[in-house]
4 protein chains.
Amino acid sequence: MMSIENKNPGKDISDDDLRYKFPLAAKQSPDHKSSFEIAGIEFGKNLIPIFAGPNMVESRELILEVAANVKKSGAHFLRGGAFKPLTFPYRSERYTETREKGIEWLFEAKDKYGIPIITEVMEEKYIPLIAEYSDILQIGSRNMQNFPFLTACARTGKPIMLKRHYGSSLRDWLGAAEYILVEGNKNLILCERGVGSPHTHRSTSRFLMDLQVIPAAQEITHLPIVIDPSHATFWRPWVSPMALAGIAAGADGVMIEVHPTPENASVDPLQPVDYSEFANIMNKMNHVAQAIGRRIR
Amino acid sequence: MMSIENKNPGKDISDDDLRYKFPLAAKQSPDHKSSFEIAGIEFGKNLIPIFAGPNMVESRELILEVAANVKKSGAHFLRGGAFKPLTFPYRSERYTETREKGIEWLFEAKDKYGIPIITEVMEEKYIPLIAEYSDILQIGSRNMQNFPFLTACARTGKPIMLKRHYGSSLRDWLGAAEYILVEGNKNLILCERGVGSPHTHRSTSRFLMDLQVIPAAQEITHLPIVIDPSHATFWRPWVSPMALAGIAAGADGVMIEVHPTPENASVDPLQPVDYSEFANIMNKMNHVAQAIGRRIR
Amino acid sequence: MMSIENKNPGKDISDDDLRYKFPLAAKQSPDHKSSFEIAGIEFGKNLIPIFAGPNMVESRELILEVAANVKKSGAHFLRGGAFKPLTFPYRSERYTETREKGIEWLFEAKDKYGIPIITEVMEEKYIPLIAEYSDILQIGSRNMQNFPFLTACARTGKPIMLKRHYGSSLRDWLGAAEYILVEGNKNLILCERGVGSPHTHRSTSRFLMDLQVIPAAQEITHLPIVIDPSHATFWRPWVSPMALAGIAAGADGVMIEVHPTPENASVDPLQPVDYSEFANIMNKMNHVAQAIGRRIR
Amino acid sequence: MMSIENKNPGKDISDDDLRYKFPLAAKQSPDHKSSFEIAGIEFGKNLIPIFAGPNMVESRELILEVAANVKKSGAHFLRGGAFKPLTFPYRSERYTETREKGIEWLFEAKDKYGIPIITEVMEEKYIPLIAEYSDILQIGSRNMQNFPFLTACARTGKPIMLKRHYGSSLRDWLGAAEYILVEGNKNLILCERGVGSPHTHRSTSRFLMDLQVIPAAQEITHLPIVIDPSHATFWRPWVSPMALAGIAAGADGVMIEVHPTPENASVDPLQPVDYSEFANIMNKMNHVAQAIGRRIR
């Protein structure tokens, strides 16, 4: 009779992991949950903050217009990429990466409409610039285990949103979170944005949104967890049902891509919703949040 | 420069699939949705029917007691396995497969408490027996593509719930549904119960609940889709959040495993909830259903 | 500090599984390996038997011609489907399921060219017919956990090839094997034919061939394991490299789809190889087999 | 009838991808294959270079001893990590990251035994140091899409081995390769080291080795592809069969972890083989290589 060890160092989370591998990310008691304010918005309590905006800060006009609109619908944060990781080193003509200018326009929108901002940091050299202007530093999924980068972002002291890599286990994700927490930076938000699976249900969709990770994460970590149904589904009509599902499952925030004319978005035109659909989703999210004793307003 | 065809016969669903492969399962218009009554309970409309009960009909006492309790909490159908597909050909002493007797006890519970029943058919030879007593024939995931069996079940004319295999694409699942519809049996319900994934988040859990399949299915088929968070998560604490998430995503029914003393369940003791937790989940589901304009009562 | 059990009842194989769940499929010592003869061909020893032929027994002429050709190239078994499980209940005009006639033609080919045959049994009612004519009963992946069917096939006493479901764990597969072994039928062969994965590398391919399962299976079971690179890859140019890889990894047999004009095959025309490519692959497999101390001739 | 587009921008590779997204990585003709020399060792021709050594350069003694031994068995490159990405920010006492010293010791081993070296670069600030000493810069899977880092490594002009992320598609991997090629750095090697899957077959193994990617990659790219069965399988007994399988499938190199006393390895003690097993594997790989018209000596 052959013997097979049943230790699980790779795939699952053990008591030793909770104690020694991510003691700062792990809950200290069943009710332990982080809460903190970013730009006056409360995380980890009853409010479910909403992040909305275009994938890319395509132009000053665009971002100002979107800021006005999503603010009006009740979004708490304006999102938008000024820098963008692209799978290939070439940019099409339609593609717009507005870089330093984009950061300025985001800040102008914040200033003008009173809506705090979140944008992705892609490279160590831009950390100071983005830390100066953005309320939250977003770390993209491809950098989830870029450990020196995690440390550098953490050391700014700015709030951080850490997106899960689409191939990452919960264990690896919490390990990455621990790299940030160990620097003394406690304003950390996790963000689920889909995992690889044969079951994406459309040839144009690359990921399966993993909502099971919400109760799974909340069972062991006190960190707030946000969902990004736009990137997870890659398909406009599924954004609303998956946003609602995430709230019902216990998500602590929702990020939604919004564009005035989605089919003209410079990247990923299948996923953003327009202003009117965003307003609809806000209403629906509000109802579902209230149904579980939370709120988005 | 090498050429690569981009046809997708296997993984995704094409217009030709909708037209020629599952014309009966496919929607005929954007608003097309099946609705029908089973034992006076409406499917495919505002009501979200709830199926509750133990994994196994362990004894007459158990099933009568559970029937009384889940009925009181508002469940529409009593579920319970009298026959059980087991991964291995051996049965432990604790294991109870009550077979024909179990079917009788289910029927007794139905009769006594006025709650219609659903139970799995595992073998062609038991179809007549189960079709006589059960309001719905449940076809388990392992039989999803047992085509002669699908045909035989369909020909009873009884309502059918077709569980998705944990490795099955939406396309394969709708293909199996078409085998039932083509026999003229229109009272067909789909049931999602988790898919294989590296991301199950617990060593004791085998599946990832796929909620993305709800909007994906509803985009192309008119068939109602039920979710089974108990089997999908295999973990009691996640049943409630995933049930709520499924309702928010648009599920047309929820199946929940209930046992008076879950840790004593004869199979899968990590997944059932007790009466009190079931009553809690019913309340929460009711609130979420109302938030999206539906109801469970 | 939350506690998480680290038992693994679902995904991996424990010592208890080996002892109590599949004691007959489990090795009794590190060198334990089944060997037996089917139609005078040795399994589980140095020889690596090759199964070749068309997906479907499209016509008498086709199967006789293919039999003559694959026999000449050194194949040990002629394969061909007379009955075919189809994902959808409709048959295109090109589709040919020759059923009872196909079984007769296979037997005629066996008789004329002295090559034993293997064909899939799809339905209990055809077991007696196929058991009469075929040297091996092939159980398809969709029936892998159709337990009553496994038992019925096992009771014929005929050799059986059990294909792995594309969503099945090794544990579930060996559980299905145990259902056959427990009936006293020891001439059992496992067959790997690809698993679901986001990494199939072509839109036309549905599966990833899992070669890691070969050493994994051989570590715990004494049963011979055959590979089917044609169904696993679904793509003609990959059949040869994956067949060679499987032999190098320790496969105990290889099944290859062969058609005189692959692009005209009535089903799955992207996967069969023609006679000349089959003869090439036979030569290459022979060299690789010899390199690891085995042989295909 | 609903309409579903069948474009595939995310999961599979189109002709447009080959032309516009990775024109430098794409083959220009069916026989197009890159070949180049690194430290006098030929890549992309008949030779299949072997990389061997410990996971970590634990000490000067260890790396010198391993260098002598793997050189004697015929390895072409000495591998060893001086810097190590760890999933968690804490180091156990047993853990040894020898950093700058480790790089020096590797170089000493190279000098003393005449075996060129490969080691992982983890951080931009160490690129100059490692580029000075190491014959090949290894980019780890977690940095596969750290685009600024890819560019910085490419600009050193040193040969690069780009490991595939365990969640990455072939398309994303070739996109990352293109970032290196576009800098004019042509000495680029791909390395497969396992993908996420529910089918890893052991609770201690995290990945499924993807051998199908070898013919899939070679169909569209001219870049050599190396396999790392040690990291892919995470399990010593499977290293040999998977190494042989990779060679048979067409791999252009093999990386194997070797440690004098594997169970004492400071990280991942389940995966290295000892000197004697490495010598065995070298012999077997030699036979299989010859069987397909290639060689490792």
Listed residues A:ALA67, A:ALA82; which is under 17 Å from A:VAL267 (Cβ atoms) and in contact (Cβ under 8 Å) with a residue 12 or more places away in the chain?
A:ALA82
Looking at D:LEU62, D:LEU78, D:LEU18, which is the one that is more than 14 Å from chain A (Cβ to nearest Cβ) and assigned to a helix (DSSP H, G or I)?
D:LEU62
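Hey, among the residues in segment B:29-38 that are in a loop (DSSP other than H, G, I, E, B) and surrounded by 12 or more Cβ atoms within 10 Å (Cβ to Cβ), which one's nearest to the other protein chains (Cβ to nearest Cβ)?
Among them, the one singled out is B:HIS32.
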Go over the candidates D:ALA52, D:ALA67 one by one and state the one that is open to solvent by less than 10 Å² (accessible area, probe 1.4 Å) and either among the hydroxyl-bearing types (Ser, Thr, Tyr) or outside any strand (DSSP E or B) (or both).
D:ALA67
Cβ-Cβ distance below 8 Å, separation of 6 or more or different chains: which pairs start in segment B:277-297 with a residue that is within 10 Å of chain A (Cβ to nearest Cβ) and end on one that is of a type in the set (S, T, N, Q) and open to solvent by less than 40 Å² (accessible area, probe 1.4 Å)?
B:LYS284/B:SER240
Sort out which residues of segment D:141-155 are open to solvent by less than 10 Å² (accessible area, probe 1.4 Å) and more than 30 Å from A:SER197 (Cβ to Cβ), and write them in order of number.
D:CYS153, D:ALA154
Restricting to segment D:156-183, name every residue that is within 9 Å of chain A (Cβ to nearest Cβ), polar (S, T, N, Q) and open to solvent by 10 Å² or more (accessible area, probe 1.4 Å).
D:SER169
Within segment D:249-271, is there a residue that is facing chain C (nearest Cβ under 9 Å) and over 17 Å from the mean Cα position of the chain (by Cα)?
no
Identify all residues within segment B:218-231 that are open to solvent by less than 10 Å² (accessible area, probe 1.4 Å) and more than 8 Å from every other protein chain (Cβ to nearest Cβ); write none if there are none.
B:THR221, B:LEU223, B:PRO224, B:ILE225, B:VAL226, B:ILE227, B:ASP228, B:PRO229, B:SER230
Output the residues belonging to segment A:189-198 that are over 17 Å from D:ARG171 (Cα atoms) and open to solvent by less than 10 Å² (accessible area, probe 1.4 Å).
A:ILE189, A:LEU190, A:CYS191, A:GLU192, A:GLY194
Does segment B:51-70 include one or more residues that are closer than 16 Å to B:LEU188 by Cα, out of contact with any Pro (no Cβ under 7 Å at 6 or more places or on another chain) and at pLDDT 95 or above?
yes
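Residues checked against (1) among the small types (Gly, Ala, Ser); (2) part of a loop (DSSP other than H, G, I, E, B):
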| residue | (1), (2) |
| --- | --- |
| D:ALA109 | yes, no |
| D:GLU120 | no, no |
| D:GLN138 | no, no |
| D:THR151 | no, no |
| D:GLU178 | no, no |
| D:LYS186 | no, yes |
| D:ALA216 | yes, no |
Read through the list (1) at the interface with another protein chain (Cβ under 9 Å from one of its Cβ atoms); (2) surrounded by fewer than 22 Cβ atoms within 10 Å (Cβ to Cβ); (3) of a type outside the set (S, T, N, Q); (4) under 17 Å from the mean Cα position of the chain (by Cα), then give the number of the only condition that A:LYS186 fails.
(1)
Going through segment A:123-135 one residue at a time, which ones are hydrophobic (A, V, I, L, M, F, W, C) and surrounded by fewer than 24 Cβ atoms within 10 Å (Cβ to Cβ)?
A:ILE127, A:LEU129, A:ALA131
Just wondering, is there one or more residues in segment B:119-133 that are under 25 Å from B:GLN271 (Cα atoms) and over 13 Å from the mean Cα position of the chain (by Cα)?
yes
Within segment D:153-172, how many residues turn out to be in a helix (DSSP H, G or I) and closer than 27 Å to D:GLY40 by Cα?
3
Counted residues in segment D:243-285 being open to solvent by less than 20 Å² (accessible area, probe 1.4 Å) and part of a helix (DSSP H, G or I) come to 12
Residues that are open to solvent by less than 10 Å² (accessible area, probe 1.4 Å), over 25 Å from D:ALA232 (Cα atoms), at pLDDT 95 or above and within 14 Å of another protein chain (Cβ to nearest Cβ): does segment D:96-116 have at least one?
no
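The values are calculated or read from the model by the stated rules, or taken from the named source; none is laboratory data. On a predicted model such as this, the values are computed, not experimentally measured, just so you know. Cβ coordinates were reconstructed from backbone atoms using ideal geometry, including for glycine residues, and neighbour counts include every protein chain displayed. Heavy atoms of the whole protein, side chains included, go into the accessibility calculation; ligands, DNA and RNA do not. Shrake-Rupley method; radii C 1.70, N 1.55, O 1.52, S 1.80 Å.
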